[in-house]
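One structure coming up, written as structure tokens, with questions to follow.
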Amino acid sequence: MEPIILGIETSCDETSVALLKGKHEILSDIIISQIDIHKIFGGVVPEVASRKHIDFLYKITKEVFQKANIKYDDIDAIAVTYGPGLVGSLLMGLNFAKSLSFSLNKPLIGVNHLMGHIYANFLAFKDLKPPFIVLLVSGGHTMIIHAKDYMDFEIIGKTRDDAAGEAFDKVSKMMNTGYPGGPVIDRLAKMGKNIYKFPKPLYNNGYDFSFSGLKTSVLYFLKEHSQANIEDIACSFQESLIDTLVHKVVKYSNDSGVKKVVIAGGVAANSLLRSKFDGIKNINIYYPNLKYCTDNAAMIARAGYEKFIRNQFSDLNLDAIPNLGLKEL
């Protein structure tokens, strides 16, 4: 009998609940985004995000059980994100999960949000197995990871300053083109040309990333060229950032001999990133479905499944850890 895992995700501004049976069967899932709420502020307001999670959690949990046509007592465990993320948001989901765990007498599984993003690919590709390389790229994280086994991850390189998604947001704010920056710049870039040569920091220097210099270069360019075509700026900026990501992943693939590459995180939805990787002949590339690139509870449930089958449960003293690292699984 395959276990049914309830997944809960509230690390930032998406409220999500999902029911997963076994490794791959998503019985039901709901994701509620707060983008329209935070858009007017140009970014996520932590207190507002926390309050909205309270409004949504009970309602959508009830809905996922109704859609799956199962009872609360039919689940085998509750998997919940406990870090990294915004501490207030994390606490909303974690405390809700603890209440369910206690009242239903079902085991609690604390899940690392980063691990969840990696496991989103296992939902899409039933035959995916480690070892493989992970490019985890989102608003809060940018790193190259060597997944040696299902629960054995080595960080090969990471950003020294801004994450890629954060750079997208900040550059979009500079250009007054809206929030979130990733989808906006991706759309504008399709209408522009790569005619401005922005820097590619650390391009040929190891596996770490740095995007603050690229971001600053765009800032000075905008001050000096106020009449420049905004679509061309978006295209040129995106080209520099995405080319850097792809270059370093391909370099590590060649250096390590690992020819499977998994893309994870919100920036995995970027069309240029996908097209550049699709053009590489000697590497097998895996992307999550677009729906599961951004924060979602299905990926948390899938990561929770791996911990469930290993009897890696958490107690009710589990606390939110906003700066949780990948090694702390």
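The values are calculated or read from the model by the stated rules, or taken from the named source; none is laboratory data. None of these values were measured; they are calculated from a predicted model. Backbone-built Cβ (ideal geometry, glycine too); neighbour counts: all protein chains shown.
Just a yes or no: is a residue in the stretch 277-291 of a type in the set (G, A, S), more than 20 Å from V87 (Cβ to Cβ) and in the same structural domain as G206 (by TED's automatic domain parsing)?
Step one: list which residues in the stretch 277-291 are of a type in the set (G, A, S), which gives 279.
Then drop every residue that is not more than 20 Å from V87 (Cβ to Cβ), which leaves 279.
When the remaining residues are screened for being in the same structural domain as G206 (by TED's automatic domain parsing), the result is 279.
Taking every residue of the stretch 277-291 in turn, at least one turns out to be of a type in the set (G, A, S), more than 20 Å from V87 (Cβ to Cβ) and in the same structural domain as G206 (by TED's automatic domain parsing).
Would you confirm whether or not the stretch 182-192 contains a residue that is outside the structural domain of G85 (by TED's automatic domain parsing), part of a helix (DSSP H, G or I) and either over 22 Å from S275 (Cα atoms) or in contact with a Cys (Cβ under 6 Å, 6 or more places away or on another chain) (or both)? Step through it out loud before you land on a result.
Of the residues in the stretch 182-192, the ones outside the structural domain of G85 (by TED's automatic domain parsing) are 182-192.
With the extra rule that they be part of a helix (DSSP H, G or I), the set shrinks to 182-189.
Subset that is either over 22 Å from S275 (Cα atoms) or in contact with a Cys (Cβ under 6 Å, 6 or more places away or on another chain) (or both): 189.
Yes, that holds for at least one residue.
Do any strands (runs of 3 or more DSSP E) entirely within the stretch 67-146 hold 2 or more residues that are in the same structural domain as V171 (by TED's automatic domain parsing) and modelled with pLDDT of 95 or more, and if so, which?
On the way: elements: 77-83, 108-112, 132-137.
Of the strands (runs of 3 or more DSSP E) lying wholly inside the stretch 67-146, those with at least 2 residues that are in the same structural domain as V171 (by TED's automatic domain parsing) and modelled with pLDDT of 95 or more span 132-137.
Can you name every residue in the stretch 3-39 that is among the acidic types (D, E) and at pLDDT 95 or above? Steps first, please.
First pass over the stretch 3-39, keeping only residues among the acidic types (D, E): 9, 13-14, 25, 29, 36.
Scanning the stretch 3-39 gives E9, E25, D29.
Among the residues of the stretch 230-261 satisfying the criterion of being outside any helix (DSSP H, G or I) and crowded, with 16+ Cβ neighbours inside 10 Å, which is nearest to the chain's Cα centre (by Cα)?
Checked the stretch 230-261; the qualifying residue nearest to the chain's Cα centre (by Cα) is V261.
A264: touching a residue at least 12 places away in the same chain (Cβ under 8 Å), touching a His at 6+ places or on another chain (Cβ under 6 Å) and not aromatic (F, W, Y), yes or no?
On the way: touching a residue at least 12 places away in the same chain (Cβ under 8 Å): yes; touching a His at 6+ places or on another chain (Cβ under 6 Å): yes; not aromatic (F, W, Y): yes.
Yes: the conditions hold for A264.
Conditions tested, residue by residue: (1) surrounded by fewer than 17 Cβ atoms within 10 Å (Cβ to Cβ); (2) farther than 17 Å from D208 by Cβ; (3) free of Cβ contacts under 8 Å to residues at least 24 places away in the same chain.
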| site | (1), (2), (3) |
| --- | --- |
| H113 | no, yes, no |
| K126 | yes, yes, no |
| I144 | no, no, no |
| R160 | yes, no, no |
| E166 | no, no, no |
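Follow-up question, since we're still on this one. What do you reckon, is A320 part of a helix (DSSP H, G or I), in contact with a strand residue (DSSP E or B) (Cβ under 9 Å, 6 or more places away or on another chain), touching a residue at least 40 places away in the same chain (Cβ under 8 Å) and surrounded by 14 or more Cβ atoms within 10 Å (Cβ to Cβ)? Walk me through how you get there before you give the answer.
Working: part of a helix (DSSP H, G or I): no; in contact with a strand residue (DSSP E or B) (Cβ under 9 Å, 6 or more places away or on another chain): yes; touching a residue at least 40 places away in the same chain (Cβ under 8 Å): yes; surrounded by 14 or more Cβ atoms within 10 Å (Cβ to Cβ): yes.
Against the criterion (part of a helix (DSSP H, G or I), in contact with a strand residue (DSSP E or B) (Cβ under 9 Å, 6 or more places away or on another chain), touching a residue at least 40 places away in the same chain (Cβ under 8 Å) and surrounded by 14 or more Cβ atoms within 10 Å (Cβ to Cβ)), A320 does not qualify.
Would you point out which residue out of I118, I109 is surrounded by 21 or more Cβ atoms within 10 Å (Cβ to Cβ), farther than 28 Å from N270 by Cβ and touching a residue at least 60 places away in the same chain (Cβ under 8 Å)? Write out each step before concluding.
Numbers: I118 fails: farther than 28 Å from N270 by Cβ.
Residue meeting the stated conditions: I109.
Give the stretch 40-51 a look and list any residue that's touching an Asp or Glu at 6+ places or on another chain (Cβ under 8 Å) and modelled with pLDDT of 80 or more, or say none.
Hit for the stretch 40-51 is A49, nothing else.
Still on this structure, I have one more. Going by what's in this entry, would F56 be described as surrounded by 18 or more Cβ atoms within 10 Å (Cβ to Cβ), out of contact with any helix residue (DSSP H, G or I) (no Cβ under 7 Å at 6 or more places or on another chain), free of Cβ contacts under 8 Å to residues at least 60 places away in the same chain and in a helix (DSSP H, G or I)? I'd like the intermediate steps shown before the answer.
On the way: surrounded by 18 or more Cβ atoms within 10 Å (Cβ to Cβ): yes; out of contact with any helix residue (DSSP H, G or I) (no Cβ under 7 Å at 6 or more places or on another chain): yes; free of Cβ contacts under 8 Å to residues at least 60 places away in the same chain: yes; in a helix (DSSP H, G or I): yes.
Here the answer is yes, as F56 does meet what is asked.
Here's something else I'd like to know. So L272 fits all but one of (1) surrounded by 22 or more Cβ atoms within 10 Å (Cβ to Cβ); (2) modelled with pLDDT of 95 or more; (3) not polar (S, T, N, Q); what number is the exception?
For L272, the exception is condition (1).
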